[in-house]
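Asker: One structure, pasted below without further comment.
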Amino acid sequence: MTEEFSPKIVAFACNWCAYSAADLAGVSRFQYPPNLRIIRVMCSGRVNPNFILKAFHMGADGVLVAG
Amino acid sequence: MFHMTQELIKILGIDPARVRLEWISSAEGTRFAEVAREFTEKVKSLGPSTLKQAA
Amino acid sequence: MLDVGRHPNIELLSYSEVEKVEGRIGDLRVTVRRKARYVEEDKCTGCGTCTEKCPTAVPDAFNEGLGDRRAIYSYFAQGIPSTHTIDPDQCRQLKGKKCGICAKTCQAEAINFDQKDRIVEIDVAAIIVAVGYDVFDPSRIPEYRYREITNVVTAIEFERLLSASGPTVGHLDRPSDRAVEAQIEELEKKARKSQKVLGKLEERFGESSAEFHEKYQAGQYQGDQERQKWADKYAAHLSVMEPLEDLKKRAEGFTVAKRLAFIQCVGSRDFRFYPFCSGYCCMHSVKEAIIAHEHEPETRSTIFGMDIRAVGKGFEEYKIRGGDHSNITYVRGRVAEITEGANHNPVVTYEDTRERKVKSQEFDMVILATACAPTKGIIELAKVVGIELDQYNFVKTSPLSPVDSTTPGIFVCGCAESPMDVPESVAQASSAAERAAEIAIQPRPEMEHAVA
Amino acid sequence: MTSIAELIDITKTYYCLDCGVCTGSCPVSKVFPDFSPRQIIERSLYELEEPSDNTIWSCLTCAQCSVRCPSNIDFPEFVRLMRDEAHALGFNGVLAHNGMLQTIMSIQTRDIKQDRTFWIEDGKTTEKGEVFYFVGCRPYFDVIFRDIDAGSIKGARNIVKILNACGLEPVVSNDERCCGHDALWNGDEEKFKQLAQLNIDLIRSSGAKQVIFNCPEGYYTFKNFYPKYFGELGFEPVHILNFLEEKISEGVIQFEESQGVVTYHDPCRLGRLAGIYDAPRKIIEAVPGLELIEMPRSRENGICCGTSGWMNCSSCSKEIQMQRLNEASNTGAGSLVTACPKCQIHFRCAKSAFDLEIEITDLYDIVAERLKIAQGS
Amino acid sequence: MNKEILIIGGGIAGIQSALDLADMGIKVHLVEKLPSIGGKMAQLDKTFPTNDCAI
Amino acid sequence: MPEKRDEEIRIGVFICHCGSNIAGFLNMEELAEYAQTLPNVVFVQRNLYTCSEGGINEIKYGIKEQNLNRVVVASCTPRTHEPLFRISCAEAGLNPYLFEMVNIRDQCSWVHMQEQEDATTKAKVLIRMGVAKAALLEPQEPIISEVQTRALVIGGGLAGMTASLALAHRGYEVVLIEKESNLGGMLNQINKLGPTMTDAEELAERKIKAVSEHPNITIFTKSVITDVQGFIGKYQVDVETESGVKKIDIGVIVVATGGRTFVPEGLYGYDGRRVITQIEMESHLREGLDQDIKNVVMIQCVGSRNEERSYCSRICCQTAVKNAILIREQNPDARVSILYRDMQMYGVENEEMFRDSKAKGIRYINYDPAQPPKVDSKKVKVFHSLLGRNLELPADLVVLSTPLIAQEGAEVISQLLRVPIDENGFFLEGHVKLKPLDFATDGVFLCGSARFPANIRETVAQGLGSASRASIPLSKGSVVVEPIISVLADEEACRGCGLCVELCPYSALEIQHTEKGRKVHVIDVACKGCGICAATCYQHALSINSFTDEQIEAQLEAFLGSSVVS
């Protein structure tokens, strides 16, 4: 691998908290690396452990659960 | 439950540092960006997931 | 808040003021002035591109003047509506100068410098007055030297300093340090400019300014006008660099504020200003001290007050937890005087009334828990709406009808009625809604019997 | 005479919140930690404080506590009433200079012929007129405090010079008495009333409509206590600083170029108790070349000169005076300016005892010496 | 048809009154003098005793 | 639910420029081209502002002209714009839940301004994820449930009577139940109400008369609830009355059970005669104070703010000051001293009364809980901590201010209604700050001292306020809920274990006995769609509409399996 490693990160974000925080980060133009992809859920309680395991199975390099 | 997931991952040979649980309130835009940055760096430093290569 | 913006039954008239009320309960005609935003509400998407380009910086009221916004602005990032507004007192274009950059940038073509105030009339059955309160201006207390000592702030200013969305993104940077940092930035800008000029000269003459200057001072280039200019420029550069280096050295030692003093009853329980207790300030201070400690575990806070009024659900427990886990010390005593010590540190002088000793203590920052003052506009509004105020200018009510003003059909809730904390305001707001609904609801035919 | 219970009702000390602002503000408490206005009040509520207790005499009545009191308790007034009762019961504070000044006051209650206008020299004064200049005790001070160069007479001459410059020939009388301020604060209400009555009669007979003061205590006493005891006076007390401020803004008075850096000390009776903060500062700033630097404790927060009513000139007084002179010196000013003859005396006394660098200057010296009469006036 | 209500002030109290009434099916006009609603509450970082976000 | 799987899936993707907010940082052309290649996508359109009238029309046009049956908008955040786009879809005849939003502004163009290439790649993946989810979306219908326009108010004190009257006045039927034989609650024990010194008896009489005479209010005294079934709008409540158990259909429930005073057995020599509580003082004052009583000492925080009961009971200081004033009114010579820790006279009226009491001769002495006062025969010894000396106060009567504690039976009611109580036994509201009068469970409301000790003004306000909250479902006549809720997707799989029922924060699940055995049942209208149940179900029996496992996994797959990311 000659290129710099660019990890694939899944982020499960609660609609009311972390997802709105991500929106605020956007509105405020706070910059962060583009590796993470948000999957919106209505509550972090929705995140079944299996989602996390499956994400790794499918090749994720990291999983963030943000409530 | 998150704890359980972390333990499982550890046994599966995946570094538990690859999973992270964070409470970020809706007013904490900076913290979201900070967590995103930190976590990306962390995962970068861990290198590609071994699981991926085996698969 | 979001729900208000999109509720089909709510018409949001922001940036507007009530000018006239006529009629009586059940049949009131209200005249509202919708102030010109100079931005078309239905076109603006709130994207914020305009604010990035606007050249005019203005102290940001939402951040209590601790940061800047632009002349075209959204009141705060998550504000509803997201429509932007042009501040007519600050906008270059509206003040007759050449600008209009926002209009050029806005792809939604929402900017309209010709917009005028609009007057709308609304027919309603009842009115709820929920105008809230103003923060007491602590500069009225000379012994606290609020204006003179930069590191003395109000609780609401401190709130913005603590906030992740505030001007310091949640770091407890001291205002005195921030002032130095702003100065450094200013001087660096100047230094960059003069460096550029010197750079050109250095290139032209092929030697560094410092080397040249040494020779020049030794008298080498006498009479050389070009070089004399260079020397002048260099001297000017040094006159920027020297204070800049000094400031930078000073700034190296800056750390976040860790020793905090919270002073209760600033303007409250005070015959000189407001004799009443503002109710929420004690807990507000406890909360701020706890959050500050969360941000920085070395933070130690002292809360100075007479009675710490922790009367709400979970409040006393919260207060004790703050003492046990967040390094909060509670001192019984009202602060007599704040003076400025070394390094812009406020020094607080007080009698610890339990120890019966006068002490002076130095802090990194002092936070004033300011009184809940009636809003400035309330007297005028009361006249317009036709309601009585109490001796302090809160809307007059009675304990058995806590949200009814003296005029039928006009209700009040929240801090416009009297100082209260959030849950009480919310509960009162629902009560006012109940009372208003009793007037607004037209009985359905099958109900008429029941009501009669 | 008032009982403690009545006194509490009059001064409403029951509103005390026990907050400690008074103690924390009190210059005496800083030197004598046991002295606490709050505790005196709290004790009196439980009848644990008696007029015979010595504590009440330590108070400087500087009003630092009362202007900051969130319950608006007039502690100086409380102390005054307590002293009144104590005096009636035969208790008194420790009088300075063996009580000589109090004796001089007492003599003035008698039918006497004073020779107190000897200093006038070339100043123009009159015996009847619209404006009365109330000189105060300066002639006596000048003699008593000659060793520390109180310069009190010079001050009086300056005032006449200033008034003359403004086209006024004030009434100055040999029959003027002590204003009674100190008697009042020494707990001797009777003496105060006698002195006040003599002054009122004198001024009324002079036909004056305005009485000009340069002494803050005289002004404060005439303004507040004379009407309280005697009702409508028929003349208006005016402080020379307000008079001067007006003349400067009208352009009647101008100053010659000067130089130097000064700091200004707010006398308690003039600042906190009469609200005159801006006038002296405007006057100093009106002198071209003269720079004013403020001490950290100024205006409302100005500290007392350490002694009041020629009583209890103790180690506490000296400590407070030292603090103040050091504070003035630390500003980098060459001179401490004040507008009160008593503050001046106390500071000069302290300066002589401790050998400090700073000059002590009467504000009226500055004014009179640099006075430039505007053309045509 | 129900009659309508005017609410003056778009802070936490005005907002709550507006939502209650609107949910009852009553048309509400909410007047706020500043460009955005939210009031003092919007300026708060977090609220006690739960320390959760204010808006 | 109609099975639509056979139908060809036709997805339209609308990519928003948001002026230059997105277009200025992402390669829009590339995005559109890429979207075109995604499975099931038949139509791609770019708009300057998708949320503008023109943009909305294009979506509607696309649905009609291109026969789109799924719509994906790639623009800003669904938190502000999803409702608008959903409505627009519905207006064009497409089920609004066949819409999906992708946030390429807040999560992409705005936060990766310096990395335009990577940002474009990320936007592609986000759109790909959205499209993958959209393909699996199912149409949903809003859930509508009828509401019985009858309210149950539990507790006939001031709070309950105020709430009942307000609801009845608005035209709703109210069933008011009270466990005692009389209405009035604590008012019956009180003499006068501060700060206006209103006569409590007179107030109680007036309120009881109004409640009793109101045609919309049915009162059951000496009654308690014994069973509650159902959910918001459709409760069945069993009320045990003197004349047997009545089953009543109820739409909403207001809890107004109040509190009771703590009896300080064993504290400060409490004997109910010479050492009494404030509530006992009330009856002394009502009957007229013995003229021999010349010295009264009150002690605050008796049984509260200690290890055992840590909270401050909010109203005891007001009560003490009020009673002290009344003592002086009846016996003008009486000396009244109040020994306190902190005088909790918050607000305008209380502080005013506190001040006035001082002018009226009441004296206040601060004591340290580490050195509590000692009550002897005829005197109280106390260390005045602000004077630093011991005082001996003569005392003909010692009055102890004890806290209000949770009502007897609160726990039973909490279990019946499935609403929580806090560690002190008071009912726990939905949110301490923002929902003081609601429970987390829809349809049940709270007011008065059942929530936390409250004075008269607060009790009346909360009574009215809870009526406002409770009247919302009543006035609608039905509850409409967004169908993003939990569903029992696989009934076979459910074993009725009940784990999900326990975990549900909204009491939206219950176990039903069906022909197939114990099965979980989702109370649609109570469900908030948080998904905790679906995440915990061992049997994978529960799912969340619009957030199904398949949909989330499709998003994962679309991200991790995609080829566009290096």
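The values are calculated or read from the model by the stated rules, or taken from the named source; none is laboratory data. Given the structure is predicted, the values throughout are model-derived calculations rather than measurements. Cβ atoms come from the backbone with ideal geometry, glycine included; neighbour counts cover every protein chain shown. Note: accessible area is taken over every heavy atom of the protein model, side chains too, but ligands, DNA and RNA are not part of it. Shrake-Rupley method; radii C 1.70, N 1.55, O 1.52, S 1.80 Å.
Asker: Over the residues of region C:5-144, compute the C-alpha Rg and express it relative to 2.2 N^0.38 Å.
Answerer: Numbers: Rg = 17.9 Å, N = 140, 2.2 N^0.38 = 14.4 Å.
Region C:5-144 yields a ratio of 1.25.
Asker: Taking a threshold of 18 Å on the Cα-Cα distance, which of the pairs C:K215/C:K248; E:K33/F:K435; D:K318/D:K342 fall above it?
Answerer: Details: C:K215/C:K248 29 Å; E:K33/F:K435 26 Å; D:K318/D:K342 14 Å.
C:K215/C:K248; E:K33/F:K435, as the Cα separations exceed 18 Å there.
Asker: Related question: Name the residues whose placed amide hydrogens come within less than 5 Å of the amide hydrogen of F:R274, ignoring near sequence neighbours (fewer than 5 apart) on the same chain.
Answerer: It is none; the list stays empty.
Asker: With all protein chains present, how much of the accessible area of region F:11-140 (probe radius 1.4 Å) comes from carbon and sulfur, to the nearest whole percent? Write out the running numbers ahead of the final one.
Answerer: Values: 1950 of 4280 Å².
On region F:11-140, the fraction of accessible area on carbon and sulfur atoms equals 45 percent.
Asker: In addition: 7 Å from Cα along Cα→Cβ at both D:D355 and C:I320: what's the point-to-point distance in nm?
Answerer: 6.1 nm
Asker: Right, something else. Whole-Hz ³J(HN,Hα) for each residue in region D:43-55, computed from phi via Karplus 6.51 cos²θ - 1.76 cosθ + 1.60 with θ = phi - 60°, x for glycine and proline: what do you get?
Answerer: Taking θ as phi minus 60°, the curve returns 5, 5, 5, 9, 6, 9, 10, 10, x, 6, 5, 5, 3 Hz for region D:43-55.
Asker: How high is the relative contact order of region D:222-353, in percent, counting Cα pairs under 8 Å that sit 6 or more residues apart? Before the final figure, lay out each step's value.
Answerer: Working: 158 pairs, mean separation 35.1, N = 132.
So the answer I get is 27 percent.
Asker: Additional query: Could you let me know the centre-to-centre spacing of region D:308-377 and region F:140-209, using Cα atoms, in angstrom?
Answerer: Answer, in whole Å: 73.
Asker: Given H placed 1.01 Å from N in the peptide plane, which residues other than close sequence neighbours of D:L290 have an amide H under 5 Å from its amide H?
Answerer: Those lying under 5 Å, H to H, from D:L290 are D:S258.
Asker: Let me ask another. Rounded to whole Hz and in sequence order, give me ³J(HN,Hα) for region D:349-363 from the Karplus expression 6.51 cos²θ - 1.76 cosθ + 1.60, θ = phi - 60°, writing x for Gly and Pro.
Answerer: Calculated HN-Hα couplings, in order: 4, 5, 4, 5, 6, 10, 6, 9, 6, 5, 7, 10, 10, 7, 3 Hz.
Asker: Would you kindly find the accessible area of D:E169, with a 1.4 Å probe and non-protein molecules such as ligands, DNA and RNA excluded, rounding to the nearest 10 Å²?
Answerer: Solvent-accessible area, nearest 10 Å²: 100 Å².
Asker: When all protein chains stay in place, what accessible area (Å², nearest 10, 1.4 Å probe) is found for F:E492?
Answerer: 140 Å²
Asker: Between rounded, prolate and oblate, where does chain C land on the alpha carbon gyration tensor, with a ≥ b ≥ c its root eigenvalues, rounded for a/c under 1.5, else prolate if a/b exceeds b/c?
Answerer: On the way: a/c = 2.92, a/b = 1.47, b/c = 1.99.
Oblate, because a/c is 1.5 or more while a/b does not exceed b/c.
Asker: Same structure again: Given chain F, what percent of its DSSP beta bridges are antiparallel, to the nearest 5?
Answerer: Working: 44 of 92 bridges.
That works out to approximately 50 percent antiparallel.
Asker: Here's a follow-up. Does region F:486-545 come out rounded, prolate or oblate, given a ≥ b ≥ c as the square roots of the eigenvalues of its C-alpha gyration tensor, rounded meaning a/c under 1.5 and, failing that, prolate meaning a/b above b/c? The partial results should precede the final answer.
Answerer: Working: a/c = 1.59, a/b = 1.36, b/c = 1.17.
It comes out prolate by the Cα gyration axes.
Asker: Tell me, how many Å apart are the Cα centres for region C:403-420 and for region F:456-479?
Answerer: 17 Å
Asker: Another question, then. Averaged over peptide C:353-365, how many Cβ atoms belonging to another chain are found within 10 Å of each residue's Cβ?
Answerer: Values: counts 16, 6, 2, 11, 5, 10, 1, 2, 0, 0, 0, 0, 0.
The per-residue average across the peptide is 4.
Asker: Could you work out the equivalent-ellipsoid semi-axes for region D:271-377, taking the square root of 5 times each eigenvalue of the Cα gyration tensor, largest first, in whole Å?
Answerer: On the way: eigenvalues 137, 45, 38 Å².
Whole-Å semi-axes of the equivalent ellipsoid: 26, 15, 14.
Asker: Roughly how many nanometres apart are two label points built 7 Å out from the Cα toward the Cβ at D:S52 and C:D137?
Answerer: Once both label points are built, they end up 5.3 nm from each other.
Asker: For A:M42, what accessible surface area do you get with a 1.4 Å probe? Give it in Å², rounded to 10.
Answerer: 40 Å²
Asker: Expressed as an acute angle from 0 to 90° and rounded to the nearest 10, what is the orientation of the C-alpha long axis of helix F:278-287 relative to the principal long axis of chain F?
Answerer: 50 degrees
Asker: I would also like to ask the following. Using only C-alpha atoms and all pairs of different ones, pull out the Kirkwood radius for region D:97-244 in Å with one decimal.
Answerer: 15.5 Å
Asker: Also, I was wondering about something else. Rounded if a/c is under 1.5, else prolate if a/b is larger than b/c, else oblate: which is region F:343-433, with a ≥ b ≥ c the root eigenvalues of its Cα gyration tensor?
Answerer: Numbers: a/c = 2.83, a/b = 1.94, b/c = 1.46.
Verdict is prolate for region F:343-433.
Asker: Could you go through region C:177-184 in sequence order and give the Karplus-derived ³J(HN,Hα) for each residue, using 6.51 cos²θ - 1.76 cosθ + 1.60 with θ = phi - 60°, rounded to whole Hz, and x for Gly and Pro?
Answerer: Result, rounded to whole Hz: 5, 5, 5, 5, 4, 5, 5, 4.
Asker: Which percent, nearest 5, of DSSP beta bridges in region D:249-373 are antiparallel?
Answerer: Values: 4 of 16 bridges.
Percent antiparallel among DSSP bridges in region D:249-373 is about 25.
Asker: Hey, how many Å between the Cα centroid of region D:103-155 and the Cα centroid of region C:26-53?
Answerer: Cα centres, region D:103-155 to region C:26-53: 73 Å.
Asker: Using the alpha-carbon atoms, what tilt in degrees (0 to 90, nearest 10) does helix F:53-65 show relative to the longest principal axis of chain F?
Answerer: So the helix axis and the longest Cα principal axis differ by about 50 degrees.
Asker: Residues with beta-carbon under 14 Å from that of F:V444, excluding F:V444: net charge, scoring Lys, Arg +1 and Asp, Glu -1?
Answerer: Details: positive: F:K234, F:R418, F:K435, F:R451, F:R469; negative: F:E429, F:D438, F:D442.
Summing Lys and Arg as +1 and Asp and Glu as -1 gives +2.
Asker: Take F:I276, D:I144 and sort them by solvent-accessible surface of the protein heavy atoms, 1.4 Å probe, largest at the top.
Answerer: I get D:I144, F:I276, largest accessible area first.
Asker: Moving to a separate point now. Could you state the accessible area per residue of region C:380-434 in Å², with a 1.4 Å probe and every protein chain left in place?
Answerer: Working: 1500 Å² over 55 residues.
Using a 1.4 Å probe on heavy atoms only, each residue of region C:380-434 averages 27 Å².
Asker: With all distinct Cα pairs included, what does the Kirkwood hydrodynamic radius of chain F come out to in Å, to one decimal, could you say? List each step's numbers first, then the result.
Answerer: Values: mean 1/r = 0.0356 Å⁻¹.
One over the average 1/r among Cα pairs gives 28.1 Å for chain F.
Asker: Order D:W185, A:W16 by their accessible area, 1.4 angstrom probe, all chains in place, largest first.
Answerer: Values: D:W185 10, A:W16 160 Å².
Ranking D:W185, A:W16 by accessible area, largest first, yields A:W16, D:W185.
Asker: Using packing as a proxy for protection, rank F:45-52, F:210-217, F:313-320, F:426-433 so that the peptide with the highest average count of other Cβ atoms within 10 Å comes first.
Answerer: Result, highest mean Cβ count within 10 Å first: F:313-320, F:426-433, F:45-52, F:210-217.
Asker: May I ask you to order C:105-111, C:53-59 by the average number of other C-beta atoms within 10 Å around their residues, highest value first?
Answerer: Working: C:105-111: 19.7, C:53-59: 15.4.
Peptide ranking by packing, descending: C:105-111, C:53-59.
Asker: If you don't mind, there's one more thing I want to ask. How large is the dipole of the protein assembly as shown about the Cα centre if only Lys and Arg carry +1 and Asp and Glu carry -1, each at its Cβ, rounded to the nearest 20 debye? Don't skip to the end; give the middle numbers.
Answerer: Working: 175 positive and 213 negative charges, 167 e Å.
Computed charge dipole of the protein assembly as shown: roughly 800 debye.
Asker: Using a 1.4 Å probe and counting only protein heavy atoms, arrange C:H84, F:H17 so the residue with the most accessible area comes first. Present the calculation step by step, with values, prior to reporting the outcome.
Answerer: On the way: C:H84 10, F:H17 35 Å².
Ranked list, largest accessible area first: F:H17, C:H84.
Asker: So, one more: Can you pull the mean other chain C-beta count within 10 Å for peptide C:316-322? Don't skip to the answer; put the middle values down first.
Answerer: On the way: counts 11, 7, 4, 6, 2, 2, 2.
Shielding by partners across C:316-322 averages 5.
Asker: Counting only other chains, what is the mean number of Cβ atoms within 10 angstrom of the Cβ of each residue in peptide D:293-300? Don't jump to the answer; show the numbers that get you there.
Answerer: Numbers: counts 0, 1, 0, 4, 3, 1, 1, 3.
Going residue by residue through D:293-300 and averaging, the value is 2.
Asker: Starting from the amide H of D:I212, placed 1.01 Å from N in the peptide plane, find each other amide H under 5 Å away whose residue is 5 or more places distant or on another chain.
Answerer: When sequence neighbours closer than 5 places are left aside, the close amide H contacts are D:F132, D:Y133, D:F134, D:V238.
Asker: Can you give the angle from 0 to 90° between the axis of helix C:225-252 and the longest principal axis of chain C, with both taken from C-alpha atoms, to the nearest 10?
Answerer: Helix C:225-252 and the main axis of chain C meet at about 50 degrees.
Asker: Take every DSSP beta bridge with both residues inside the protein assembly as shown and express the antiparallel ones as a percent of the total, to the nearest 5.
Answerer: On the way: 90 of 209 bridges.
Roughly 45 percent of the DSSP beta bridges within the protein assembly as shown come out antiparallel.
Asker: May I pose another question? So for region F:11-140, taking the charge dipole from beta-carbon charges (+1 Lys/Arg, -1 Asp/Glu), which of F:Y61, F:C18, F:Q36 sits furthest toward the positive end?
Answerer: Towards the positive end, the residue furthest out is F:Y61.
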